[in-house]
Amino acid sequence: MRGSGGTQGGTGKFFIGFGLSALALYLFFDSVHVATGDLGLFTALARRHGGGGVWETTSMGLLFVPFFLGVLALFYDARMKWAWGLMWFGVAVLVIEILSRIRFFLNMKTTHLLGMIVLFAAGAALMIRSYRDEGTRRAADAETGTEKNSSSSSEPPSEP
């Protein structure tokens with residue numbers, strides 16, 4: 001019976017390896033905490049280059065201005081292409097700002113991290129090993145071994 005990758009018995013090794021790797025990934029992602037940071041990409045740039053003043057007291061509300069102006073213009077006339085561009089630019093700025101505020105924190109012991117790495121590596125190795133064809137490799141080794149024996153003898157091989 002052929003399994004994964006056309007090898008005999010490969011399916012069992014593959015699913016055991018897949019299970020080990022999946023468990024390691026679950027444990028890793030379970031240990032990661034997600035929080036938001038103080039500044040996003042655009043607000044950090046504005047604060048760094050603004051040097052204080054209005055940027056120190058202004059929240060993320062200024063980032064809504066392009067979106068607001070684009071929507072305002074679209075309600076006036078929805079055929080204006082620049083208004084559509086301004087609105088989508090505003091959406092892109094807001095999405096980038098929100099995503100750039102996300103911070104990931106890994107909270108685990110070093111021994112747990114090493115265990116997860118070993119677990120994932122073992123699972124990946126078993127999945128890769130399931131694609132190796134043992135029968136073909138043994139046959140190739142057997143042929144190589146017989147060729148070495150026949151070529152090392154002083155007599156030429158007899159023809160049938």
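A few points about this structure:
- The candidates Met116, Met127, arranged from most to least accessible area with a 1.4 Å probe in the full protein assembly, appear as Met127, Met116.
- Taking all protein chains as shown and a probe of 1.4 angstrom, Trp88 keeps an accessible surface of around 150 Å².
The values are calculated or read from the model by the stated rules, or taken from the named source; none is laboratory data. Because the structure is a prediction, the values reported are computed rather than measured. Heads up: the accessible areas ignore ligands, DNA and RNA and are worked out on the full protein's heavy atoms, side chains in. Shrake-Rupley method; radii C 1.70, N 1.55, O 1.52, S 1.80 Å.
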